[in-house]
Amino acid sequence: MASVKLTNVKKIYDNKVVAVHDFNLDIKDKEFVVFVGPSGCGKSTTLRMVAGLEEISEGTVEIDGEVVNDLQPKDRNIAMVFQNYALYPHMTVYDNIAFSLRLQKMPEDVIYNKVTNAAEILGITEYLMRKPRALSGGQRQRVAIGRAMVRDSKVFLMDEPLSNLDAKLRNQMRAEIILLRQKLDTTFIYVTHDQTEAMTLGDRIVIMKDGYIMQVGTPTEVFEKPENLFVAEFIGAPKMNILRTNLMKAGDKYYVMPFGAKIEVDGEKGKLLREKKIEGGEVLLGVRPEHIVLAKEAGEHAIPVTLEVNEMMGSELHLHVFTEDGTRLIVRVPTIDLDNEQRENLVNGAKLFITFEGKVMHFFDPETEKNLIY
Amino acid sequence: MAKENNSMQRHMGMRAANAISNTLIYILLIVISVIWLIPFVFILLQSLRVESTWQVGYVVPRQWGFDNYVRLLSTNFPKWYLNTLIMALVTAVLQTVIVLCMSYTLSRFRFKMRKPLMQFMLILGMFPGMLTMIILYRVLKDLGMTQANAVPGLILVYVASSGMGYYVSKGFFDTIPKSLDEAARVDGATRAQVLYKIILPLAKPIVIYTILTAFMGPWGDFVFARYISMGTAAGMNVAVGLNNWLNLDQIGNNYTMFCAGGVVVAIPVTILFMCLQRYYVEGVTGGAVKG
């Protein structure tokens, strides 16, 4: 239980490669923060600097108000779960979990209680006398979490703990991590490249790219108010559609003109455009696939498109379509909204019309890729 | 049907061919083993010969007994044996520690001169150690560690260059995932604890190998031991001492005793190998990380 504060943290490798630029973040006590980003964005490096496994080139890391830059990992009072589990193969599950406690010279009966308690929470009691090699991937990950749990450390670090599990197990373990978090009630820093994990687990999400923080915010904030194009495209699956189009100001009203259509930017978004005194011109218009709907017929609000691929996902269809100039878009249509005839018409090459409302639009500057209204 | 018969015949044919080639291989291996064992059996039989002490034209003794072994006790042999044992044990301990620390360092730490150091040692290792003999003798003589005091001097010689023997164990350490070190360090272990609680138990076969090679070097050394002891019996090891018995003036009296000495020398090494060989077999890294 502790706050973690990173101030101007930088990581520069010997070969002058800068992995993390000027990272500033305040993590509150008992907060669950997720670092997310594509591979090579510096998220793991940052986590490892907090853990003390990677030297901090510049800046300071504070845990609970104390600068830990020069402390060895063992003196930082942290627990960490690794992507590849990193279980000690020559020890039983029990010894693996007890390892850190024995190093602290705890009495064996205390260790016994702690280990069996953790094992019970994680459902691995029956495997305590096994060696790691006799466990499945999910069980190994539980042991790794158990090993971190028993330490009662100030900060709980997790480096892509679910990446090695298959999809089904990953969903299950994700739910278990949420439960675990409620039980442990400590500060978490969680690294992942999977935006779903980030959205479902984090109190706050730190989205990173090429060593820079792109945005820090709650899952709702980063989803609804992405600060820039990168965040907009990274969060949400399938990713946000981006259309290069014109934003037109007519009196008090704003319109976007994608591919011959003319759609008014009404409601909240229109108001914000007015407040920010946006003049109009070329913009990158972002619309999430689930916010696009199929229009019945051609019209002022409709964009004509051609269907390329129709992915049946079960509860919804992912329609990959392209516009007259070849821009590719994805449209998510709930299966239940379509009658049989409509579904049969969704064959490759079918001509469709799509439309969307003003309130779902995001506007980005084509040059800076910054969000125009947030 | 015919087709089935055909494949059946082919199957039988392959089995027969396999059996023949296996038989040939076994015969070859047995012949090689026998050839390899002949000198050992020969020495053992000679050492048990009582009727004469010189070389004879037959192998199986006419009169059996342990006289030669008893006679060994009244010579310098116990002294040589003790010298060798001390040197081998001390060297085994020191060299193992040095080699393992060196390997761990080169495998896990990244420091400025790491690559140049490794290259330097590689090149240095290409020169035969004998080249240093003359200067080593001068140095040890000035330190008073030659002739009768050859034991500490030789230990110094054996241990001094042991850091260069890191290749095999560093290679093995490299295969142990680094995340195990990191997990242990986060769990509260110091670097030293990581080495002896995590790495060494996982590297058991290599530790055993390192101990064995470190022990065997001094145990069988002849050139340096002979040179540094310079004909003083008190500073000799078994190899040098026993070799003296083969001089023309001594061989008539000491030949069977030489054989007995050879057998006694082989005993600890044989025991050592038999005890430790099972560790060679098993790899122990399964289940550490995903895979």
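Each value in this text was obtained by applying a stated rule to the coordinates, not by laboratory testing. Here the structure is a predicted model, which is why all the values come from computation and not from measurement. Note that we place each Cβ from the backbone using ideal geometry, even for glycine, and neighbour counts take in every protein chain shown.
Determine the alpha carbon to alpha carbon distance for each of A:Lys183/B:Lys197; A:Lys225/A:Lys370; A:Lys249/A:Lys276; A:Lys209/A:Lys359; A:Lys28/B:Lys178; A:Lys5/A:Lys183 and list only those over 21 Å.
Details: A:Lys183/B:Lys197 31 Å; A:Lys225/A:Lys370 11 Å; A:Lys249/A:Lys276 13 Å; A:Lys209/A:Lys359 28 Å; A:Lys28/B:Lys178 31 Å; A:Lys5/A:Lys183 24 Å.
Those over the limit are A:Lys183/B:Lys197; A:Lys209/A:Lys359; A:Lys28/B:Lys178; A:Lys5/A:Lys183.
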State, as an integer percentage, the relative contact order of chain B based on alpha-carbon contacts under 8 Å between residues 6 or more apart.
-> 31
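Let me have the relative contact order for region B:1-118, percent, based on Cα pairs under 8 Å that are six or more residues apart.
Numbers: 36 pairs, mean separation 14.8, N = 118.
In percent, rounded to a whole number, it is 13.
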If you plug each phi of region A:277-286 into the Karplus form 6.51 cos²θ - 1.76 cosθ + 1.60 with θ = phi - 60°, what whole-Hz ³J(HN,Hα) values come out, in order, with x for Gly and Pro?
-> 6, 6, 8, x, x, 6, 9, 9, 9, x
For A:Asn228, distant residues with modelled amide H under 5 Å away = A:Asn371
In the Gaussian network model of chain B, springs joining C-alpha atoms below 10 Å, which of B:Ile35, B:Ile86, B:Ile27 carries the largest mean-square fluctuation?
-> B:Ile27
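Work through the residues other than A:His193 whose Cβ is under 15 Å from its Cβ and net out their charges, Lys, Arg +1 and Asp, Glu -1. Mind dumping the intermediate values first?
Numbers: positive: A:Lys43, A:Arg170, A:Arg174, A:Lys209, A:Lys239; negative: A:Asp159, A:Glu160, A:Asp194, A:Glu197, A:Asp210, A:Glu233.
After counting each charged neighbour, the total is -1.
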Shape category assigned to region B:180-219 from the gyration tensor of Cα positions, a/c cut at 1.5 | prolate
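Which of the peptides B:65-75, B:260-270 is most tightly packed, and how do the rest follow, going by the mean number of other Cβ atoms within 10 Å of each residue? If you can, show how the numbers build up before the last one.
On the way: B:65-75: 14.7, B:260-270: 17.1.
The most tightly packed comes first, giving B:260-270, B:65-75.
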Rounded, prolate or oblate: which one fits chain B, using the alpha carbon gyration tensor with axes a ≥ b ≥ c (rounded when a/c is under 1.5, else prolate when a/b beats b/c, else oblate)?
-> oblate
Taking the DSSP beta bridges in the protein assembly as shown as the whole, what percent of them are antiparallel, to the nearest 5?
-> 75
Residue-wise, which Karplus ³J(HN,Hα) couplings in Hz belong to region A:221-229, taking 6.51 cos²θ - 1.76 cosθ + 1.60, θ = phi - 60°, and x for glycine or proline?
-> 4, 5, 7, 8, 10, x, 6, 8, 4
Kindly rank A:158-164, B:193-199 from highest to lowest mean number of other beta carbons found within 10 Å of each residue.
-> A:158-164, B:193-199
Thinking of the protein assembly as shown as a set of Cα atoms, what percent of all their pairs are more than 43 Å apart?
-> 52
Partner shielding of A:141-148, as the mean number of partner chain Cβ atoms within 10 Å, equals 1
Among A:Pro238, A:Pro89, A:Pro38, which one moves the most in a GNM of chain A with springs linking Cα atoms closer than 10 Å?
-> A:Pro89
Would you mind giving the mean number of other chain beta-carbons within 10 Å of the Cβ of each residue in A:77-87, as a whole number?
-> 6
Given the options A:Gly59, A:Gly251, A:Gly146, state which has the largest fluctuation in a GNM of chain A using a 10 Å cut-off (strictly under) for Cα springs.
-> A:Gly251
Whole-Å distance, taken between Cα centres, linking region A:31-46 and region A:338-374 | 30
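When the Kirkwood radius is taken over all Cα pairs of chain A, what Stokes-Einstein diffusion coefficient follows at 10 °C and 1.306 mPa s, in µm²/s? Numbers along the way, then the final one.
Numbers: Rh = 23.3 Å.
Once the numbers are plugged in, D ends up at 68 µm²/s.
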Expressed as a whole number of Å, what is the distance separating the alpha-carbon centroids of region A:76-137 and region B:52-126?
-> 42
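Could you tell me which helices of chain A pass both thresholds, a Cα extent of 20 Å or more along their own axis and a mean Kyte-Doolittle hydropathy of at least -1.0, with helices taken as whole DSSP H runs?
Details: long enough: A:108-122 (21 Å, 0.09); A:167-184 (25 Å, -0.31).
Qualifying helices, which must be both long enough and hydrophobic enough, are A:108-122, A:167-184.
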Long-range HN-HN contacts of A:Glu54 with modeled amide H, under 5 Å = A:Met49
For region B:70-174, give the magnitude of the charge dipole about the Cα centre (Cβ charges: +1 Lys/Arg, -1 Asp/Glu; no others), in debye to the nearest 20.
-> 240
Report the one residue of A:Ile124, A:Ser44, A:Val222 whose Cα lies farthest in the direction of the positive end of the charge dipole of region A:4-233 (charges on C-beta: Lys and Arg +1, Asp and Glu -1; origin at the Cα centre).
-> A:Ile124
Mean projected area (nm²) of the alpha-carbon convex hull when region A:238-364 is viewed from all directions = 7.7
Computed for chain A: size of charge dipole around the Cα centre, +1 on C-beta of each Lys and Arg, -1 on C-beta of each Asp and Glu, debye to nearest 20, value 880
Residue (of B:Asn253, B:Leu72, B:Val240) at the positive-pole extreme of chain B, dipole from beta-carbon charges | B:Val240
Rounded to the nearest 5, what is the percent of antiparallel bridges among the DSSP beta bridges in chain A?
-> 75
Just tell me which aspartates and glutamates come within less than 20 Å, Cα to Cα, of A:Lys74; anything on the same chain fewer than 8 places away is out.
-> A:Glu54, A:Glu55, A:Glu62, A:Asp64, A:Glu66, A:Asp95, A:Asp152, A:Asp159, B:Asp181, B:Glu182, B:Asp187
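Ranking request for peptides B:243-256, A:316-329, A:198-211: highest mean number of other beta-carbon atoms within 10 Å first, then the rest in descending order.
Working: B:243-256: 14.4, A:316-329: 16.0, A:198-211: 21.6.
In decreasing order of mean packing, B:243-256, A:316-329, A:198-211 become A:198-211, A:316-329, B:243-256.
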Enumerate the calculated ³J(HN,Hα) couplings along region A:19-25 in order (Karplus 6.51 cos²θ - 1.76 cosθ + 1.60, θ = phi - 60°), each rounded to whole Hz, writing x wherever the residue is Gly or Pro.
-> 8, 9, 9, 6, 8, 10, 7
Between A:Tyr190 and residues 5 or more places away or on another chain, which pairs have amide H atoms under 5 Å apart, with H built 1.01 Å from N, and which residues are they?
-> A:Val33, A:Val34, A:Phe35, A:Met158
Given charges at Cβ of Lys, Arg, Asp, Glu: region B:2-67 dipole, positive-most of B:Leu45, B:Asn18, B:Leu29 | B:Asn18
Pairs of Cα atoms under 8 Å, at least six residues apart: use those to get the relative contact order of chain A, whole percent.
-> 15
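Residues of A:88-99, mean number of Cβ from any other protein chain within 10 Å of their own Cβ, rounded to a whole number? Could the numbers behind the result be given before it?
Working: counts 10, 13, 11, 3, 0, 0, 0, 0, 2, 0, 0, 8.
That average works out to 4.
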